[in-house]
Each structure stands twice: as C-alpha cells, then as structure tokens.
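Chemist: Before I ask anything, here is the structure I am working with.
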Amino acid sequence: MRKIDVLEPKGYCAGVANAIRIAKDVKDKHPHQEVYVLGMLVHNQIVIDELEQYGIHSIYGKDIESEVKKLAKDSVVIYTAHGHTKRLESLVNSLGLVSYDAVCGKVKFNLTLINDYLSKGHEVIYIGKSGHPEALAATLDMEGVYLYDVDSEFDFAQIQDPSPLVLNQTTLNISSLKNIHQKIAEKIPQAEFKDEICNATRLRQENIINLSSSVDLILVVGDTRSSNSNRLLEIAKAYHPNVPSRLINSVKDLDSNLLENKNHIAIASGASTPISSIDMIVEYLNNFR
Ligand code: SF4
C-alpha cells in the first residue's frame, strides 16, 4: 500500500484567505460596477478563475498602468495581496477610481518598516526577486531602497549608510536568505538584519527539509507563477537531491511513469493553493495502481 503524506500547513495562508475575502466583499458592495484586481490577487490561476466567476476581473500579463487608464470612470479597483507601487496608487487616485487594498498584513508591515527607516535617514537593502510584485512595491521609485536580487550579484558600492536596514520579500528560500545575510554582514558589519520570511512560507519549507528518509517522491502543488511554491521545489531539490520532485498544478501535470514503484509520496503545497487541488491529487494517487 502506497503511503501519502500531505504536509502541513496546507490550504490558503491567512494573507491569501483575507485577500479573497476582501475581493468578494468589494464585489458584494459594488454589484452594479465593474470590479478589477490590478494584477493577480494571488498567484494561482484557479483562484483567479473563481474570482472571474464571481464577477471580479483580473488585469495581468499586460501593462497594468495602460490598462487602468482605459477603465470606465465608475470602475472599482483592488490592489493585490503582494502590495503595489506608489506610482500605481497615484495613477488610480488621479483617475478618481474607487480603490480597495487586499495587501497581506505581513507585506504591509514590511512596507511600513521600510518607510520608518527611510524617514530616520537610513538606507534599505531589500532582498527579493526582481520583477516580483512584492519586490516592486518595496523598491520601485523608492529613493534609498536598493534591491538585492537573489539571482544576481549586488553592487555594494551604492550603499552609503554604515548601518542600513536589511529586509526581504516574505516568500524567499530560507537557506538562500541565510547565505545572502552572511555576504552582507561581511561587507557591512553594522547592517541591521530583519528576517521577514513569513511563517506560512517558513513552516512549509522546514517541513520539506525534515521529510522522512523513506519518501521516494516529492510533489509540490501550486501555480508555476507562485513564488512560495517555486521555493518549495527549490528546497526539495537542494535537501533531497536523490528524490525526484515536481511542481504540479493538477493531476493533468502528473506523469504516470513518475509514479511507478513509488511507495511513499510527500505532497507539499503553496500558500495560494486551494485545498481542493490537493484533495484531487491525493484521490488520484490513492486510486493509481
Ligand atoms: S505567503 Fe506569507 S506574505 Fe504571502 S500572503 Fe501568505 S502570509 Fe502573506
């Protein structure tokens, strides 16, 4: 009998659940107006499709600012769970659109911290993934904030502050963050470090690191655009290099050859993955012979 372990936490994190609730509440409040999310509310297509069915449109995969300029004057807009740039907010306000914010509390806390340190005259090194909306919200047009892209070398010469604040995107790889902190500490010994990886991300990664040695396949259920799901796959590959691991969105992504002779499968999932996606995969695996 094949053993299947569904790792905790599973299902929506608090930030994702809250963002979905806010979006639906906004539509309930404005039933006769068009409601648009400016970006993907959370990085999961199933969620985006469900919102569309609820009457909430999502603007993504295009230049959001250009699209916003085309909206009807009585449109209602919602900012995503990842935060948004000051530039986008200025545009929305200048157009007089009614807006709501579905930003996660943890992301908001980081943005407040950045502004707090900037106001005290400090510089900020923000460790994140270039192009991710959360990193953009924290760094774009933010004078004194420098993006340390996890995939590139950082130019330390641009930092003038001997004790800058160092903080990070909430969904980074916990091991990579530790390495980057070490590099920064060597160059700027007085830097002030704040590890801002959220618990929803950290616990999921730790539970993959601590998997039983009998696990012979690791499946991460999540959208390919989800940062925290991709980090889970990264962790699985780094800590269990001899165990095959895959990021899948649904049963359709499962290669049956991969399941041959697998007796102990671990299933991890991203913070924006619906429980229903995990349940369908478990059911399929239980019936696979
Ligand atoms: S993964 Fe973390 S930061 Fe992102 S929405 Fe969930 S709780 Fe918030």
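Chemist: Among the aspartates and glutamates, select those whose C-alpha is under 15 Å from the C-alpha of LYS10, and discard any that sit fewer than 8 residues away in the same chain.
Modeler: GLU206, ASP223, ASP279
Chemist: Label 7 Å along Cα→Cβ of LYS194; the stretch 145-159 residues with amide nitrogen under 18 Å?
Modeler: Of the residues in the stretch 145-159, 145-148 have backbone N under 18 Å from the label point off LYS194.
Chemist: With all protein chains present, how much of the accessible area of the chain (probe radius 1.4 Å) comes from carbon and sulfur, to the nearest whole percent?
Modeler: 49
Chemist: Further question on the same structure: Could you pull out every residue, at least 5 positions away or on a different chain, whose amide H is within less than 5 Å of the one on LYS10? Hs are placed 1.01 Å off N in the peptide plane, and Pro or chain starts have none.
Modeler: Close amide H contacts, sequence-distant or interchain: none at all.
Chemist: State, to one decimal in nm, how far the label point of GLU50 lies from the label point of ALA185, with both points 7 Å from Cα in the Cβ direction.
Modeler: About 4.1 nm separates the two model spin labels.
Chemist: Taking LYS183 as the anchor, which lysines have their alpha carbon closer than 26 Å to its alpha carbon, excluding any fewer than eight residues away along the same chain?
Modeler: Qualifying lysines at Cα under 26 Å: LYS106, LYS120, LYS129, LYS194, LYS237.
Chemist: How far is the Cα center of the stretch 59-91 from the Cα center of the stretch 211-289, in Å?
Modeler: Computed from Cα coordinates, the inter-centre distance equals 34 Å.
Chemist: Could I have the simple spin-label model distance between SER163 and GLU283, label points 7 Å from Cα toward Cβ, reported in nm to one decimal?
Modeler: So the two model labels end up 5.8 nm from each other.
Chemist: Rounded to the nearest 20 debye, what is the charge dipole size of the chain about its Cα centre when +1 sits on each Lys and Arg Cβ and -1 on each Asp and Glu Cβ?
Modeler: It works out to roughly 480 debye.
Chemist: While we're here: At each listed q (0.13, 0.20 Å⁻¹), what is the log10 of I(q)/I(0) that the Debye formula gives for the stretch 106-193 modelled as equal alpha-carbon point scatterers?
Modeler: Per q value, in the given order, log10 I(q)/I(0) is -0.36, -0.91.
Chemist: Given the options GLU196, GLU143, GLU134, which has the most mean-square fluctuation in a GNM of the chain, springs set between C-alpha atoms less than 10 angstrom apart?
Modeler: GLU143
Chemist: Could you list the square roots of 5 times each eigenvalue of the Cα gyration tensor of the chain, that is, the equivalent ellipsoid semi-axes, sorted largest first and rounded to whole Å?
Modeler: Numbers: eigenvalues 225, 162, 34 Å².
Computed over the chain, the values are 34, 28, 13 Å.
Chemist: Now a separate question. Mind putting a number on the dipole of the stretch 14-104 about its Cα centre? Charges go on the C-beta only, +1 for Lys and Arg and -1 for Asp and Glu, and I need it in Debye to the nearest 20.
Modeler: 200
Chemist: Kindly write out, for the stretch 128-134 in residue order, the coupling ³J(HN,Hα) from the Karplus curve 6.51 cos²θ - 1.76 cosθ + 1.60 (θ = phi - 60°), rounded to whole Hz, with x marking Gly and Pro.
Modeler: x, 9, 4, x, 5, x, 5
Chemist: Which one, ASN44, ASN257, ASN249, has the greatest fluctuation when you compute a Gaussian network model over the chain with C-alpha springs under 10 angstrom?
Modeler: Of ASN44, ASN257, ASN249, the Gaussian network model singles out ASN257 as fluctuating most.
Chemist: For the stretch 174-269, how big is Rg over Rh, using alpha carbon atoms and the Kirkwood form of Rh?
Modeler: On the way: Rg = 15.9 Å, Rh = 14.8 Å.
Answer for the stretch 174-269: 1.07.
Chemist: Right, something else. At 1.4 Å probe size, with every protein chain present, just tell me what the per residue accessible area of the chain comes to in Å². Don't skip to the end; give the middle numbers.
Modeler: Details: 13800 Å² over 289 residues.
The answer is 48 Å² per residue.
Chemist: Now for a separate question. Can you run phi through the Karplus equation (6.51, -1.76, 1.60; θ = phi - 60°) for the stretch 55-63 and list ³J(HN,Hα) in whole Hz, with x for Gly and Pro?
Modeler: x, 10, 7, 10, 9, 8, x, 9, 6
Chemist: Which cross-chain or sequence-distant (5 or more) residues have an amide H under 5 Å from the amide H of SER269, H modelled 1.01 Å from N in plane?
Modeler: It is VAL221, by chain and number.
Chemist: Just add up the charged neighbours of SER229: K/R +1, D/E -1, any other residue whose Cβ is under 15 Å from the Cβ of SER229.
Modeler: Local charge sum for SER229: +4.
Chemist: Test of understanding: express the Cα radius of gyration of the stretch 14-104 as a ratio to 2.2 N^0.38 Å, with N the residue count.
Modeler: 0.97
Chemist: Turning to a different aspect of this structure: Along the stretch 23-29, what does the Karplus equation 6.51 cos²θ - 1.76 cosθ + 1.60 (θ = phi - 60°) give for ³J(HN,Hα), rounded to whole Hz, x for Gly and Pro?
Modeler: After applying 6.51 cos²θ - 1.76 cosθ + 1.60, I find 4, 5, 4, 4, 5, 4, 6 Hz.
Chemist: Ignoring everything except DSSP H segments at least 4 long, calculate the 222 nm mean residue ellipticity for the chain; use -39,500 (n - 2.57) per segment, divide by total residues, nearest 500.
Modeler: -12000 deg cm²/dmol, from helical runs alone.
The values are calculated or read from the model by the stated rules, or taken from the named source; none is laboratory data. Quick caveat: nothing in here was measured; it's all calculated off a predicted structure. Methodologically, a virtual Cβ is constructed for each residue, glycine included, from the backbone with ideal geometry; neighbour enumeration extends over all protein chains shown. Heads up: the accessible areas ignore ligands, DNA and RNA and are worked out on the full protein's heavy atoms, side chains in. Shrake-Rupley method; radii C 1.70, N 1.55, O 1.52, S 1.80 Å.
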